[in-house]
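In what follows, a single structure is set out as structure tokens and then discussed.
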Amino acid sequence: MEFTVINSDVGRFSRDDDYHNDSDASSTRKFKDVGCLDLSCSNILHIANLCLISSTNLTSLKLPVNRIDKICNLDAYTNLVELDLSHNHIKQIENLQGLVKLRRLTLNHNPLTNVQNLDTQRNCLEMLDIGYCKIADYKFTLYLRKFTNLISLIVEGNPCQTEPIYSERTLILSIVQSLLVYNNKTVTVEERKEAFDTHSQLIAMLEKNDKKWKRMSVDEQLRLERMAGRKDAFLDGIPEGEDVDFNVNVFRNTTVEQVLMENSRYGIHNVYRGYADNFRRLITEITKAAETSRGIRARLVDEFHCDLRQLIDGGVDESRKCVSEFAEYKKRVEFNLSAGSGEGVSPSTNADAGCGRFGERTRVTWLTLMGHEDQLSRKITKMIGELRDLLEKQIVEFKQLVNNRFCMLQRQQNIFLQFILEYAVSSVQSDDINNRISRVSQLTNDISQCMESQASQVERAELYITKSASKWLDDVFDKLNSEEFQRNRRKISEIASFIRSQNETLKRSQS
């Protein structure tokens, strides 16, 4: 793994001219003046350090077969005509707003699921290759329909392909009518006319419903966002709408409805409204507390990830500096070995001494890199522990507030129902003592069942919120600890691979 970022060393191996034979000063000048840069198979992780290249002169940038997972840092290259990012790990098309002259975009063999964020290229893009990605439907064709200069499109190898292939081809040609080449096969005039005639009704329907679909998509997105927000606030276990007040079952109780109906002139409704307002207020306080807690938790987690990213970047810079120093040392050793062979010194003696020094420096580099990684891992583990302490405190405070408000709610409901029962019992009139006792018993049972039902409902809601909060906390730190473990294992593996490759170089030089 010699290269993980774009730098001048990578650039020296990306030219087909006599670049390698120039002096360093001339090489740097020519590297800045390069118009076409091919960095394929360079093990690049991030698109960075492109400041080495003139943004005015670069028209073609090829970065296939690397490990890039995000498109970024290309805004300055407004003259870029061709961009090749095939065979990488890119999941989303993004950050291409500055490429106003882009004509050819190659993104095949990436885990893309949609075609988007290319509005800037609507009038200039001529070729798009999204073959062998993970696009599962043809909705992207409605987006590409507006690209008036798109003449070549490659989508083969995606899950959205249908059988027979010919029917898929006619469908695409009928929607994206500017195409002259589809899946590397020329589109004939007869084929285009047949596709349009076959799917003319479909095209008319798509044009008619395009705005409707967009509106429905926006509404659905808002609904999903609201549901996700309630889930993050642990409120998805509480019904939305009027039932959220937890009073519906109380006020729909047979005894309560009868008392309210028969005593409309005696202030009972004023009592009802007072208790109803209290119920709503308590549930509103729980909802606001849940939303506030969600905001605080999200802020703490975001700040943690920001600090974590800075810490990891700092660790990467330290390791990169160490590797760069080792690379410079390696060059000096190789130069000394080649220079010493002509000074009357025994070649084997010179080689043995040089290899001995190189082996020792390799061991020191390995220890240094492992030391950097150990320190970084310890710092990350400490950060995770500190974040857990903060979130646990926040969750505990939230649970205490929820418990307090639900207890108050249940107590207020019981007081109201007891008031209704007493009023209903005092209003029972009958000359037959048995009928009176039976009626009082019926009212008591009805109110008791309502109390039990409300207590069960409140208890379930409180239990769901508290359990969801605890589960969220456990899931967050299970994920963080797992990610750190994977990062640490991956880094150790990279260090081991690097040292192994250097030892193999040493063995080859000794032989």
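When segment 59-80 is filtered for residues that are at negative phi, modelled with pLDDT of 85 or more, in contact with a Cys (Cβ under 9 Å, 6 or more places away or on another chain) and not hydroxyl-bearing (Ser, Thr, Tyr), the ones remaining, listed by number, are Leu61, Lys62, Pro64, Asn66. For segment 283-321, name all the residues that are of a type in the set (D, E, K, R), open to solvent by less than 80 Å² (accessible area, probe 1.4 Å) and under 13 Å from Ala233 (Cβ atoms). Once the filter is applied, which keeps residues that are of a type in the set (D, E, K, R), open to solvent by less than 80 Å² (accessible area, probe 1.4 Å) and under 13 Å from Ala233 (Cβ atoms), segment 283-321 yields Glu291, Arg294, Arg297.
Thr120 meets each of the listed conditions (1) part of a helix (DSSP H, G or I); (2) at pLDDT 85 or above; (3) surrounded by 18 or more Cβ atoms within 10 Å (Cβ to Cβ) apart from (3).
Yes or no, residue by residue, for (1) among the hydrophobic types (A, V, I, L, M, F, W, C); (2) at pLDDT below 85; (3) loosely packed, with under 12 Cβ neighbours inside 10 Å:
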residue	(1), (2), (3)
Leu390	yes, no, no
Asn414	no, no, no
Gln418	no, no, no
Ser430	no, yes, no
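Within segment 452-480, the set of residues being open to solvent by 60 Å² or more (accessible area, probe 1.4 Å) and among the hydrophobic types (A, V, I, L, M, F, W, C) comprises Leu463 only.
The condition (being under 18 Å from Leu74 (Cα atoms) and in a loop (DSSP other than H, G, I, E, B)) is satisfied by just one residue among Leu125, Leu150, Leu112: Leu125.
Can you tell which of Thr255, Thr287 is modelled with pLDDT of 80 or more and in contact with an Asp or Glu (Cβ under 9 Å, 6 or more places away or on another chain)? After ruling out the rest, the residue left standing is Thr255. The single residue among Glu483, Glu494 that is among the charged types (D, E, K, R), surrounded by 12 or more Cβ atoms within 10 Å (Cβ to Cβ) and either more than 22 Å from the chain's Cα centre (by Cα) or not in a helix (DSSP H, G or I) (or both) turns out to be Glu494.
Those residues that are in contact with a Gly (Cβ under 8 Å, 6 or more places away or on another chain) and either open to solvent by 20 Å² or more (accessible area, probe 1.4 Å) or free of Cβ contacts under 8 Å to residues at least 40 places away in the same chain (or both), I need them from segment 123-155; list them, please. Tyr132, Cys133, Val155, listed by residue number. Taking the stated definitions as given, is Leu61 under 24 Å from Ile151 (Cα atoms) and touching a strand residue (DSSP E or B) at 6+ places or on another chain (Cβ under 7 Å)? In short, yes. Against the numbered list (1) modelled with pLDDT under 85; (2) under 40 Å from the mean Cα position of the chain (by Cα), Gln400 comes up short only at (1).
Please verify whether Glu459 is among the charged types (D, E, K, R), part of a helix (DSSP H, G or I), under 30 Å from Arg388 (Cβ atoms) and in contact (Cβ under 8 Å) with a residue 60 or more places away in the chain, treating the condition exactly as stated. No; evaluated as a whole, the condition is false for this residue.
The values are calculated or read from the model by the stated rules, or taken from the named source; none is laboratory data. The structure displayed is predicted, hence computed values, not measured ones. Every residue, glycine as well, gets a Cβ built from its backbone with ideal geometry; the counts of neighbours run over all protein chains shown. All accessible areas refer to the heavy atoms of the entire protein, side chains included, with ligands and DNA or RNA removed. Shrake-Rupley method; radii C 1.70, N 1.55, O 1.52, S 1.80 Å.
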